[in-house]
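The values are calculated or read from the model by the stated rules, or taken from the named source; none is laboratory data. A quick note: this is a predicted structure, and the numbers were derived from the prediction, not measured. Note that each Cβ is placed from the backbone with ideal geometry, even for glycine, and that neighbours are counted across all protein chains shown.
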Amino acid sequence: MHYIPSSGLAVAFAIAMLTTPAFAADKPTDPQIAHIAYTAGDIDIKAAKLALQKSQNKDVRAFADDMVRDHQAVNDKALALVKKLNVTPEDNATSKGLTEQAEKKSAELNKLSGAAFDKAYVDNEVAFHKTVDGALETTLIPSASNGELKGLLKTGLKIFKGHLAHAEHLASELK
Amino acid sequence: MRTAIYCAVILALLPMAAVRVATAGEIVRVQINDMAFSPGEITIKPGDTVEWVNNDFVDHTATAKDGGWDVVIGAGKSARLQFDHVGTTHYFCRFHPDMTGTVQVVGK
């Protein structure tokens, strides 16, 4: 039986709301998409900062450094874009769900230490990136109306696919 | 008289030119676009310099798989490394390990 991190499932559930028929009929707007993408990036930065506080494993720490650096760069780019487009990111059920679940996961991770923390953090990174990459591919990118926002999401997806491969490789080494 | 002056100037500049030719190899550029090195494989001569130009908005590195060298290329910036010895080195980006490339240095 495969271990599936609980927050990975929760995030999958929160993002799955985007793809339900009811939501699909009313696709997310650009301000909502911007908020969801920014929120997902911010969640991953916070998780990485927790890993940098708690982990002693050099590979896990290097991965966490990568997550902070890349997600911060993408979020800075997103902020600059919404400012340029004069768009105000709009909080919505999906981004609220993501934040609530991330807070629960953070509390879970906080109770762990050593190798148990490393494994839980990296497994969650695999699940989180799988879910977010899937949502970008199937819902957020196709729904984006503005060309520049769509372009940034596409570039983000390329970066995050690399993160998923890196996290999967790391997870296989921690077993 | 004027010809003599020209000759003197040329003679005075010659050693500088000779030094330049001896030390300056070609600069071969590798572009980084959308999380990939392009071209992924390059062939250069000893003394040539590789310049990686990072057009992405995230930082990258060019890091030899054998641990021989490690170049950080900031977002929107470029970085250079001179190769003096013949050989083939496979490299990757430490920050994004699925990004890979090869530098092949062949004799003149």
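Here is a yes/no grid of residues against (1) crowded, with 16+ Cβ neighbours inside 10 Å; (2) of a type in the set (Phe, Trp, Tyr); (3) within 11 Å of chain B (Cβ to nearest Cβ); (4) touching a residue at least 60 places away in the same chain (Cβ under 8 Å):
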{"position": "A:Met67", "(1), (2), (3), (4)": "yes, no, yes, yes"}
{"position": "A:Asp76", "(1), (2), (3), (4)": "no, no, yes, no"}
{"position": "A:Glu90", "(1), (2), (3), (4)": "no, no, no, yes"}
{"position": "A:Ala93", "(1), (2), (3), (4)": "no, no, no, yes"}
{"position": "A:Lys104", "(1), (2), (3), (4)": "no, no, no, yes"}
Looking across region B:74-91 at residues that are among the hydrophobic types (A, V, I, L, M, F, W, C) and closer than 15 Å to B:Val28 by Cβ, the single one that is surrounded by the most Cβ atoms within 10 Å (Cβ to Cβ) is B:Phe83
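Return the only residue of A:Asp133, A:Asp118 being in a helix (DSSP H, G or I) and either modelled with pLDDT under 95 or farther than 16 Å from A:Ala37 by Cβ (or both).
After applying the criteria, what remains is A:Asp118.
Could you check, for region B:59-77, whether at least one of its residues is within 14 Å of chain A (Cβ to nearest Cβ) and of a type in the set (Ser, Thr, Tyr)?
Going through region B:59-77, the residues within 14 Å of chain A (Cβ to nearest Cβ) turn out to be B:59-61, B:63, B:70, B:72-77.
Cutting the leftovers down to of a type in the set (Ser, Thr, Tyr) gives us B:61, B:63.
The answer is yes; a qualifying residue exists.
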Checking A:Val87 against (1) out of contact with any Pro (no Cβ under 6 Å at 6 or more places or on another chain); (2) among the hydrophobic types (A, V, I, L, M, F, W, C); (3) not in a helix (DSSP H, G or I): exactly one of these is not met. Which one? (1)
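For region B:4-25, state whether one or more residues are farther than 21 Å from A:Ala62 by Cα, part of a loop (DSSP other than H, G, I, E, B), under 19 Å from the mean Cα position of the chain (by Cα) and at pLDDT 95 or above. Show your work before the answer.
Within region B:4-25, the first condition is being farther than 21 Å from A:Ala62 by Cα, and the residues that meet it are B:4-25.
Going one step further and asking which of them are part of a loop (DSSP other than H, G, I, E, B), we end up with B:24-25.
From what is left, the residues that are under 19 Å from the mean Cα position of the chain (by Cα) are B:24-25.
Filter once more, so that each one left must be at pLDDT 95 or above: none.
No, every residue in region B:4-25 fails to be farther than 21 Å from A:Ala62 by Cα, part of a loop (DSSP other than H, G, I, E, B), under 19 Å from the mean Cα position of the chain (by Cα) and at pLDDT 95 or above.
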Single residue of region B:92-104 satisfying the filter (within 14 Å of chain A (Cβ to nearest Cβ) and not β-branched (Val, Ile, Thr)) that is surrounded by the most Cβ atoms within 10 Å (Cβ to Cβ): B:Cys93
Test: residue in region A:138-161 that is among the β-branched types (Val, Ile, Thr), closer than 25 Å to A:Asp118 by Cβ and assigned to a helix (DSSP H, G or I): yes
How many residues does region A:39-81 contain that are within 14 Å of the chain's Cα centre (by Cα), under 19 Å from A:Glu100 (Cβ atoms) and hydrophobic (A, V, I, L, M, F, W, C)? 4
Limited to region A:144-175, what total is found for residues that are surrounded by fewer than 18 Cβ atoms within 10 Å (Cβ to Cβ) and away from chain B (no Cβ under 14 Å)? 6
